[in-house]
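Remarks on the structure that follows.
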Amino acid sequence: MHSARFFLPFLLVLALASLALSLTQGSIAVSLNSLFSILWGNGQGLERQLILELRLPRSLGAFFTGALLAQAGVLMQVLVRNPLADPYILGISGGAALAALLAMLAGLSGFLLNSSAFAGALLAVALVFGLARHNGKTGRGIWTPLRLLLTGVVLAAGWGALISFILAISPERQLRGMLFWLMGDLGYTINPWPLALVFVFGLLVSLPLARSLNVLIRGELLAGSLGVDTRRVQLVLFLLASLLTATAVSQAGSIGFVGLVIPHLVRLMGYTDHRILIPAASLCGGILLVIADTLARTALAPQQLPVGIITALLGVPLFLHLLQKGQRN
């Protein structure tokens with residue numbers, strides 16, 4: 001589209017504006033002049049400490065978490081060729097969350113916690129695509145988008161039951177923190193740069209595959225006839241979606257609707273080419289979660305809400321509006 005060259009720069013400016021809003025708003029308001037002075041290395045006292053040690057890591061963590069979830073949503077929707085697919089609905093987020101909760105019960109943190117969440121996401125992926133596979137007339141194991149979606153929904157319910165069981169047997173001293181984390185909590189974000197590295201890695205892997213994704217989303221047979229190695233591309237997408245989801249879940253807990261609504265929104269705006277869709281959805285996902293986290297911090301200040309509540313409150317009406325708009329189009 002002729003406007004594509006302006007769309008991504010516009011989203012980048014909007015992302016910077018959302019970060020500036022997040023950094024200036026809170027229980028202690030900070031002016032834009034003070035913010036720019038602090039970011040340029042000047043400023044001192046409480047405001048400098050507040051911005052650099054608390055709000056900046058949290059805001060960047062929110063942005064990259066939202067970007068990871070939106071990226072994962074785009075990839076999963078290509079895999080199952082269904083706009084209703086995202087890591088949350090297909091159970092990948094639930095598998096990662098269950099593994100992360102078990103790691104928290106065992107007293108693990110940091111790299112071990114992230115590794116546990118990644119292993120849980122891989123297990124969820126293997127179960128979804130393994131259970132959805134069936135033997136066709138040729139005797140080869142195949143899957144269909146509908147079977148994948150139904151299997152993912154059922155497994156997501158199963159992960160939810162196991163998570164409830166873990167919470168029921170957890171010690172009282174850990175329960176509140178686990179519940180808050182499970183609903184989405186960015187309050188413990190200290191170092192957002194691992195999220196940034198995974199985000200950049202996701203772009204470096206997925207963007208070279210964009211042309212193949214444009215064809216694969218129309219069906220495996222068509223993609224194969226045009227020379228796309230569908231099995232290799234699918235395997236890469238499985239692993240990459242798991243990595244993106246696990247990284248986001250281990251950092252912020254289970255946050256729904258970002259991976260579902262954002263790719264759908266960008267497609268309805270006319271940007272279906274994955275060379276534009278992937279970075280655009282990533283930026284929009286980051287913007288949405290930064291705004292949601294800002295609302296979570298300020299709506300009932302000084303009390304903070306889980307950010308997952310805000311994304312659900314924003315995501316439900318937005319997605320219903322997008323569905324109605326898609327039907328009219």
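The values are calculated or read from the model by the stated rules, or taken from the named source; none is laboratory data. Please read all numbers here as calculations on a predicted model, not as lab measurements. For neighbour counting, all protein chains shown are included, and Cβ atoms are generated from backbone atoms with ideal geometry for every residue, glycine included.
Looking only at residues in the range 106-119 that are over 16 Å from the mean Cα position of the chain (by Cα) and closer than 18 Å to residue 195 by Cβ, which one is surrounded by the most Cβ atoms within 10 Å (Cβ to Cβ)? Filtering first and then ranking leaves 116. Among the residues of the range 183-201, write down those that are in a helix (DSSP H, G or I) and either touching a strand residue (DSSP E or B) at 6+ places or on another chain (Cβ under 6 Å) or surrounded by fewer than 21 Cβ atoms within 10 Å (Cβ to Cβ) (or both). Answer for the range 183-201, where residues must be in a helix (DSSP H, G or I) and either touching a strand residue (DSSP E or B) at 6+ places or on another chain (Cβ under 6 Å) or surrounded by fewer than 21 Cβ atoms within 10 Å (Cβ to Cβ) (or both): 193, 194, 196, 197, 200, 201.
Looking only at the range 9-29, residues that are of a type in the set (A, V, I, L, M) and out of contact with any Leu (no Cβ under 7 Å at 6 or more places or on another chain) come to 7 in all. Is there a residue being over 29 Å from the mean Cα position of the chain (by Cα), assigned to a helix (DSSP H, G or I) and of a type in the set (A, V, I, L, M, F, W, C) anywhere in the range 53-61? The answer is no; no qualifying residue exists.
When residues in the range 81-122 are screened for being of a type in the set (Gly, Ala, Ser) and farther than 23 Å from residue 315 by Cβ, 10 of them pass.
When the range 79-108 is limited to residues that are of a type in the set (Gly, Ala, Ser) and part of a helix (DSSP H, G or I), the one that is nearest to residue 206 (Cα to Cα) turns out to be 93. Criterion applied to 288, 243 was being aliphatic (A, V, I, L, M), surrounded by fewer than 23 Cβ atoms within 10 Å (Cβ to Cβ), at pLDDT 85 or above and within 29 Å of residue 123 (Cβ to Cβ), and the one residue passing it is 243. Looking only at residues in the range 207-223 that are among the small types (Gly, Ala, Ser) and assigned to a helix (DSSP H, G or I), the one that is modelled with the lowest pLDDT is 223.
For the condition part of a helix (DSSP H, G or I), surrounded by fewer than 22 Cβ atoms within 10 Å (Cβ to Cβ), out of contact with any Asp or Glu (no Cβ under 7 Å at 6 or more places or on another chain) and not hydrophobic (A, V, I, L, M, F, W, C), what is the one hit in 324, 251, 303?
Criteria check complete, one pass: 324.
Tell me, please, whether a residue that is outside any loop (DSSP other than H, G, I, E, B), touching a Pro at 6+ places or on another chain (Cβ under 6 Å), among the aliphatic types (A, V, I, L, M) and surrounded by 24 or more Cβ atoms within 10 Å (Cβ to Cβ) can be found in the range 64-72. Yes, that holds for at least one residue. Close contacts from the range 17-42, counting a first residue that is within 14 Å of residue 294 (Cα to Cα) and a second that is of a type in the set (Ser, Thr, Tyr) and exposed (fewer than 11 other Cβ atoms within 10 Å of the Cβ), with Cβ to Cβ under 8 Å and a gap of 6+ residues or different chains, come to 24/31.
Hey, can you tell me all the residues within the range 274-300 that are closer than 17 Å to residue 202 by Cα and either of a type in the set (Gly, Ala, Ser) or not in a helix (DSSP H, G or I) (or both)? Residues satisfying the conditions are 280, 281, 282, 285, 286. Which of the residues that make up the range 109-127 are in a helix (DSSP H, G or I), farther than 30 Å from residue 267 by Cβ and small (Gly, Ala, Ser)? Listed by number, the residues that qualify are 115, 116, 119. Annotation: residue 204 fulfils all but one of (1) touching a helix residue (DSSP H, G or I) at 6+ places or on another chain (Cβ under 7 Å); (2) assigned to a helix (DSSP H, G or I); (3) within 28 Å of residue 291 (Cβ to Cβ); the unmet one is (1).
Which one is farthest from residue 100 (Cα to Cα), of the residues in the range 224-243 that are free of Cβ contacts under 8 Å to residues at least 60 places away in the same chain and in a helix (DSSP H, G or I)?
225
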